[in-house]
Each structure stands twice: as structure tokens, then as C-alpha cells.
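The values are calculated or read from the model by the stated rules, or taken from the named source; none is laboratory data. On a predicted model such as this, the values are computed, not experimentally measured, just so you know. Note: ideal-geometry Cβ built from the backbone for every residue, glycine included; neighbour counts use all protein chains shown.
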Amino acid sequence: MKAMVMEEVGKPMVVKDWPQPECPADGAIVRVEASGICRSDWHLWQGDWGWIGFRPRLPTILGHEFAGVIEEVGKDVKTVKPGARVVVPLAQGCGTCGDCRTGHSNQCMSQGMTGYAQYGVLHHADFNFAPLPEKIDFVEASSMGCRYVTAFHAILDQGQVRSDESVVVYGCGGVGLSAVQIATALGARVIAVDLDDRKLELAKKVGASDVVNGKKTDPVKAVLDLTRGGADVSVDALGIAATCRNSILSLRKRGRHIQIGLTTQGEKGEVALPIDQVVFKELQIVGSLAIQSFRYPALLDMVERGRLAPRELITETIPLEKAFNVIQQMSSFENVGISVINQF
Ligand SMILES: [Zn+2]
Ligand SMILES: [Zn+2]
């Protein structure tokens, strides 16, 4: 099959012929129809996250945000049939460990994914099957492999955002814009912060009531002014020291900070925080990781009914050959919105 391969950290990825994955006995092979390019793959290409024990074996195929059609199922698979349209969840729980059995299968991610290729694997297929309604096309669905669902879990499940609350989102890349749209759909007042007016323009389009360019204004002061004392919920959708700290400093008393972004070489997993303020203001700091497979029907239903529209975040569709360009551009934050590969 055709695939984009990472041979070495920091070196250009190359499109080449690669062996097709074998179908696990309890898994399925998916013909990839659309595959989103997420910043997490930029992190892996940079060699990040060794500090949390994450080091892919090279050479490897990245790409963890895709949708397609079930091509083949393993002999132990009972409910999933070839021909079914699917979104492939980023977190594919085993279905049997303690995390999975207690409803936290997003904490169980042991396998790599290969979305920058013609075929990928859905592991533990009966447990992780997320059927895609006919009304939602593959390009729109692909973002629900990672970024859109990650924001959904952060805003609804971890953040418990309500309609009478204010939410500030730091970083308007794919996951940040998704958080803006989802929090807006819940009825919350959303303030988006970024350094790029083009991204803030898109944030406005998907629902932000206010936008703040952190290059031109002190974003913390702006948020405190706009909310008369601080937001109820803050989201760091990027994961650098500045956005993490600013996000926490933007909260009112008893506010909740949600950390979605993972750090870079600059932080190596460590960020200094205003911890006395966390005590005095009784702030909550909440992490959020991917989503459980069982949450897909609820999310897809909201998309089908038009309450959520991941499509609005997709700014370009490209052939596999152009995917590495997009990853490279992420070093300088050039990309606006979500790029999706739809030609293999
Ligand atoms: Zn991702
Ligand atoms: Zn498990």
C-alpha cells in the first residue's frame, strides 16, 4: 500500500510502498478514506514526549485521526462487518482491563495508528466500533478520530461546561477551534485567544463571542476585563508554558482549568504554575485525554442533528504527497484550521 513513512525524527517523511497491516484476530482492517493531520504527529516528528515514555519505533507511519470503510475483520470479531463506514477512535481500549471495565477506556491506548496510509487497523473492533451515519462524509468524520472528540471530552465530560458559564480557550489550532465550537453549542460564552488574526477570525466564525490577540494585548487582563473578574472555565489547547499559565491566571475564584495541550521541547512536561492562587481561589486543574469509544454515538448524533459542525473547521483537503508540508508548517504555526488527506 501507499504510505507516508517517518524514517527518522526531524527528517522529511517520504511517501512510499509499504506492507499492508495484518488483520488482528479481534480487529479489523480499515480502508482509509480521509485522514486529518493533527499537531500530535508534529510532536512525534519533533521527538517530543520521550519524557512521558512515548517513543515510536522507527521507521513508522503516523496519522491517528481517520475515517473509512471496514475492509476485513478478524476471525474473533462478532458485530463488525466488512463494508461498514467507521470513524476510528484515537483511543482504542482493549475492553478488558480495569480502565476499560470502569468506563475509562481512553486511558487504555497501547497500539500505534497508521492513518497516513491507504489502510489502517481498528483494534479490538467489537469494543471500539464507531459506526458513521450516512449523512456525515469521511472528510468531516476524520477530525472526530482525534481533535474534535478530544475537545468534546474536555468540554462536556471533564469540564462539565454549562450554558451560563464563560469559557476561555487558549490556542486556536484544530483542537482549540473544536473546543470553541463545542462550548458555544452548549450555550456558554466563549473567548478565544491566539496570536494569529486569521485563526481568531475562524474562531469567531465557529462561535467565539470575543477574540483576543495575545500579540497585541495582555490576554489575561483582556479576559479578566471581558468576564468582570475571570472565566469560569479555561482551556489550554496548545500546551506551552505561556498558554498554560495564562489559562490558569484567567480564571475567577473556584474556576476550572482544563489541560488538553501536551508540552514541547521547551517545557519537557514541566510548567511552573501560580500554585498559591490555585489554593486561595480554590481552582481546579483537570487533565483531558482523547475520549472513550462509547461516547461516539452521542457525539455523532449531535453532528447528524446539526448541533455540532466539525466541517466548519476543515480548511483544506489534500493528497497524501502534500501531508508532510502541512506537518512542517506546524513548526511556525502557519496552518489555519484542519487539513485532511483525502487522496491516497
Ligand atoms: Zn491528535
Ligand atoms: Zn483496556
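Laid out as a table, the results:
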read-out	value
Verdict on Ser35 being under 30 Å from Gly176 (Cβ atoms), crowded, with 20+ Cβ neighbours inside 10 Å, modelled with pLDDT of 95 or more and within 16 Å of ligand 1 (Cβ to nearest atom)	yes
Subset of the stretch 164-192 (residues that are within 14 Å of ligand 1 (Cβ to nearest atom) and aromatic (Phe, Trp, Tyr))	none
Answer from Thr114, Thr96 - the residue that is within 16 Å of ligand 2 (Cβ to nearest atom) and assigned by TED's automatic domain parsing to the domain that holds Ala34	Thr96
Hits in the stretch 101-119 - residues which are in contact with a Pro (Cβ under 7 Å, 6 or more places away or on another chain) and outside any loop (DSSP other than H, G, I, E, B)	Tyr119
Residue within the stretch 193-203 that is without any contact (Cβ under 8 Å) to a residue 40 or more places away in the chain and among the basic types (Lys, Arg) present	no
Residue match in the stretch 70-89 (condition: within 16 Å of ligand 2 (Cβ to nearest atom), within 26 Å of Ala3 (Cβ to Cβ) and modelled with pLDDT of 95 or more)	yes
Test set (1) within 30 Å of Glu316 (Cα to Cα); (2) touching a helix residue (DSSP H, G or I) at 6+ places or on another chain (Cβ under 6 Å); (3) hydrophobic (A, V, I, L, M, F, W, C) - Cys108 fails condition number	(1)
Qualifying positions in the stretch 83-106 - without any contact (Cβ under 8 Å) to a residue 24 or more places away in the chain and either within 16 Å of ligand 1 (Cβ to nearest atom) or in contact with an Asp or Glu (Cβ under 9 Å, 6 or more places away or on another chain) (or both)	Gly83
